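Just below is one structure, and these are the notes that go with it.
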Amino acid sequence: MKKLLKSGSALSALAAAGIIAAGVTATSPVSAQTTLTIVSWGGAYSKSQQNAYHDPYMKLNPGIKIINDDSAAEGLAKLRAQVEAKNVTWDLVDMVAASAITACDDGLVETIDPDRDLAPAPDGTPASKDFLEGTLTPGGTNCFIPQIVYSTTFGYRIDKVKTKPTSVCDVFDLKKIPGKRALEKAPIGNIEWALLCSGVPQKDLYKVMSTKEGIDKAFKKLDTIKSSVIWWTKGAQTPQLLADGEVVMGSTYNGRLFSLIEEKKQPVAMLWDYQVFDLDGWVIPKGGKNLAEVKKFVRFATDTQRLADQAKYISYGPARKSSAPLVGKHATLGIDMAPHMPTNPKNAKTTILFNYEWWADNRASLDERFNAWLAKK
Amino acid sequence: MAAGTAGTNTENAPLMTADGVPLKQSLQRALRQKRRGAFLLTLPLLVFIFIFFVAPIADMMFRSIENEVVGKYIPRTVAALKDWDATSGELPDEKVFAALVEDIKIGRKDRTIGKVARRLNYEIAGMSSLFRSTARRVARLDEGPYKEALIAIRPQWGELETWQLIQRESGKYTASYYLAAVDARFDNAGNIVAQPEERQIYTFLFGRTMAMSLSITLLCILLGFPIAYLLATLPLRYAALLMILVLLPFWTSLLVRTTAWIAMLQQQGVINDLLVLVGIISDEGRLQLIHNKTGTLIAMTHILLPFMILPLYSVMKTIPPSYMRAARSLGATQARAFIKVYLPQTLSGMGAGTILVFILSIGFYITPALVGGTSGTFISNYIADHVSTTLNWGLAAALGVMLLALVLALYLIYDKAVGIDNMKLG
């Protein structure tokens, strides 16, 4: 009897499952909606993408629903876990160029043919010519679809410095600008600045960095300010430290400084000297379930107008040459955005472009040395 | 009487139950059924623990020695290198170079050569661009001699070091990650040597993590003991109020508490402002209380304090006050009575608190990352960095396994010294 009851309940469970399954198959064609999961950085950056890309695209394509996932900071690790588990739930991931190189090398993302996959400029220039030089192939890889050029640069408290800093080398001059400064807790960028301020000409930077003496020299320069540095790991830290008066100057992403100065109205000014350019863009995970739909979206979201639109919401420079003249006013503040772009000629008198290939080679060993240098007094 | 015979001569006359089955058998069956029932009840938990706890840890542990990339993606080169004597002082012959060219061509097409490049770059900086730039140019290389051609592309192909590395890392398993985790490496001859001075970091970090966790545990005992004592001895309504003061921060999010400490401790923060206002320090001489060791010690002690107070309190609650009174009436001073009578009875709670706080703090991650600056970060911060940024999961796994082994070793020492059975969690 017990057995009979058991099998009976099993049967009814089966039937229930069947009904549910039938329900699912019955309803899914009706909704006919494709959901794209797009991974980005959250905060103001995701909002700018929502306004410039996602919302217009969903309006044009009622069948597409875009879901934001704000875990780009762990994008590389999570993407690798998904690909290894053969269960890729992400459709598109926002990454900085250095991470995209790693992802491409590891075969985690799709390769791109710019002229086939990306829209040409309005005047017909193919995408491969329209994107800024080298931005489509960082480190010799071909998976990266750049959106913006951002820079890591310095901001300083106008009211807390006696003399205004004019050069990036003032960061290393404790006499001219006494007080704490915030630097990124990573060798990348800091090594370049330290060497420039030790008298190495810019064209020789990476040649000098390839020698042990060169790296020693950089650390020696960093030694001179080590006791006055607060090291940051998240882009939001420097604006907070500046606002609290904890530091007199500090490096961070230029968009963060823009928001601190123009939106939060803090007494802070930009020091664009030798800003370090970097790229941020899309990669398409390998094995994603909506490959065709995602490619359509990417084609739309990286066209000339869309990239220019994003600059209305955040002060990062579009990666297409043809977008630059279309950059207008800030959507809510109503101020002209062009003077706040890192790519604006006035701000870009002196700039550093990362040598991605060099960093791909040396990042691991230099990170170790940098961390050892930090940990030991 | 019957039992007596059964006891002396079981084989002839076993005890029977009413339905004729030997009693022993029947009892065993009942016991087995009970056990099976109990097992089935815990089965969901066991499955859960296995899937979400044991299996991932085992997988991570395996990654710390796993090394299939090189052998899997440049198999021809590895096979051809088998006959090469790494100590001969001569480069491998043409056959090896030809195999490598073929491997790289296929690897470029399948997009697997990047994996080899990244794997080898962990050992020698520069391997990444060596493989990738060679891959870009080797496509046009259709006929030999490949040796000269490859060396012309990148001179590193003419260096013994490169080939010794490939041969060394071609096995299925490697000790390289563990060596890296203790600041050592293989030299070109395959001997284990220390990393160059300026790259030694992990042993130092392990030491610092241990030292700071110990300090935090001691601070928790020092601060937690009096509070637990008060909680256990105060009249109920005051004790309840105090308990809320202990539990309220305990229930608050870790991040919120950490951020609150940043606002309190920073140079323009509440504590420094107060000290300047009172005149203890000058405006220029504001104390650096955060972004260093001090910051981590203060914030983590505060966060972990409840884990010390609660077990202590639960033990102290059970100590009858009459014991202390008895000791006093027998002539002991207050201090002697406390040390000889009261303190030993709290040891089990203190042991539980100590082990909880210590093990929790050794793996702490977010608080040291936010308030630790450079001198107050833990090994866990570097493990996280290898998992999420550098994607060197082998090294992260090796560091993690070492941390796990360290905790287990300490646990065993604790068990030997104090006895784990004496521990009371509540």
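Phi-derived couplings, Karplus 6.51 cos²θ - 1.76 cosθ + 1.60 at θ = phi - 60°, listed residue by residue for region A:169-186: 5, 5, 4, 8, 10, 6, 6, 5, 10, x, x, 7, 10, 9, 10, 5, 7, 7 Hz, with x used for Gly and Pro.
From the Kirkwood radius over Cα pairs of region A:66-135, Stokes-Einstein at 25 °C and 0.890 mPa s returns a whole-number translational diffusion coefficient of 177 µm²/s.
When the charge dipole of region B:204-422 is built from unit charges on Cβ atoms (+1 for Lys and Arg, -1 for Asp and Glu) and taken about the Cα centre, the candidate among B:S380, B:V401, B:V341 whose Cα reaches farthest toward its positive end is B:V341. For region B:204-422, the Cα-based Rg and Dmax, in that order, read 20.3, 67 Å. Within the listed set B:I124, B:I280, B:I113, the Gaussian network model of chain B (springs between alpha-carbon atoms below 10 Å) gives the highest mean-square fluctuation for B:I280. Computing FRET efficiency as 1/(1 + (r/R0)^6) for B:E197 and A:L174, where r is the C-beta to C-beta distance and R0 is 25 Å, gives about 0.40. Taking max minus min of the alpha-carbon positions on each principal axis, chain B gives extents of 98, 95, 36 Å, largest first. Counts of other chain beta carbons within 10 angstrom of each beta carbon in peptide B:131-138 average 2. In chain A, the longest principal axis of the Cα atoms and the axis of helix A:2-31 are about 60 degrees apart.
Counting Lys and Arg as +1 and Asp and Glu as -1, what is the net charge of the other residues whose Cβ lies under 14 Å from the Cβ of A:Q237? Computed value for this residue: +2. The residues packed around A:Y45, meaning those with a beta-carbon under 9 Å from its beta-carbon, carry a net charge of -1 if Lys and Arg are +1 and Asp and Glu are -1.
Straight-line cross-link partners of B:K24 among the aspartates and glutamates, defined as a Cα under 20 Å from its Cα and at least 8 positions apart when in the same chain: B:E11. Taking a Cβ cut-off of under 12 Å around A:I314, the surrounding Lys, Arg, Asp and Glu residues balance to a net charge of -1, with basic ones at +1 and acidic ones at -1.
Helix B:94-110 and the long axis of chain B differ in direction by around 60°, with both axes built from C-alpha atoms. In chain A, the longest principal axis of the Cα atoms and the axis of helix A:356-375 are about 70 degrees apart. Over all pairs of different C-alpha atoms in region B:305-409, the reciprocal of the mean inverse distance, the Kirkwood hydrodynamic radius, equals 16.9 Å.
Taking all pairs of distinct Cα atoms, average 1/r, flip it, and tell me the Kirkwood hydrodynamic radius of the protein assembly as shown in Å to one decimal place. It works out to 31.2 Å. Comparing B:L45, A:Y156, B:I216 along the charge dipole axis of the protein assembly as shown, the residue lying farthest to the positive side is B:L45, per the Cβ-charge model.
Every helix of 4 or more DSSP H residues in chain B counts as -39500 (n - 2.57), and over all residues that averages to -21000 deg cm²/dmol at 222 nm. Counting only other chain Cβ atoms within 10 Å of each residue's Cβ, the peptide B:265-275 averages 2.
Within 10 Å of the Cβ of each residue in A:356-367, the mean number of Cβ atoms contributed by other protein chains is 6. Quick one: go through region B:144-165 and flag any residue whose amide nitrogen is under 15 Å from the point 7 Å out along the Cα-to-Cβ line of B:E90. Flagged as within label range: B:160. Using the alpha-carbon positions of region A:168-264, Rg (one decimal) and Dmax (whole number) come out as 14.1, 44 Å. Geometric descriptor of region B:69-170, per residue, is 82 Å³ (volume of the convex hull of the Cα atoms).
Expressed as a whole percent, the proportion of Cα-Cα pairs in region A:310-377 lying more than 18 Å apart is 57%.
The calculated FRET efficiency for the pair A:I225 and B:T252, based on their C-beta separation and a Förster distance of 41 Å, comes to about 0.65.
The length gained on full extension between B:L23 and B:I281, counted as 0.36 nm times the residue separation minus their Cα-Cα distance, comes to 84.5 nm.
If you plug the beta carbon distance of B:E148 and A:K207 into 1/(1 + (r/R0)^6) with R0 = 35 Å, you get a FRET efficiency near 0.85.
Mean projected area of the convex hull spanned by the Cα atoms of chain A, taken over all viewing directions: 24.7 nm². If the limit is 32 Å between Cα atoms, which of A:K286/A:K329; A:K129/A:K212; A:K207/A:K349; A:K86/A:K312; A:K203/A:K286 go over it? Exceeds cut-off: A:K286/A:K329; A:K129/A:K212; A:K86/A:K312; A:K203/A:K286.
Hey, if you put +1 on the Cβ of every Lys and Arg and -1 on every Asp and Glu Cβ in region B:69-170, which of B:V78, B:V96, B:A139 ends up farthest toward the positive end of that dipole? Of the candidates, B:A139 comes out farthest on the positive side.
Mean residue ellipticity at 222 nm from the helices of chain A, using -39,500 (n - 2.57) per DSSP H segment of n ≥ 4 over the full residue count, to the nearest 500 deg cm²/dmol? After summing the helix terms and dividing by the residues of chain A, the value is -11000 deg cm²/dmol.
Modelled spin-label separation between B:I57 and B:A409, with each label point placed 7 Å from Cα along the Cα-to-Cβ direction: 1.8 nm.
Where a number appears in this text, it was derived from the coordinates with a stated rule and is not lab data. What you see is a predicted model; the values in this text were computed from it and never measured. All Cβ positions, even for glycine, are placed from backbone atoms using ideal geometry, and neighbour counts span all protein chains on display.
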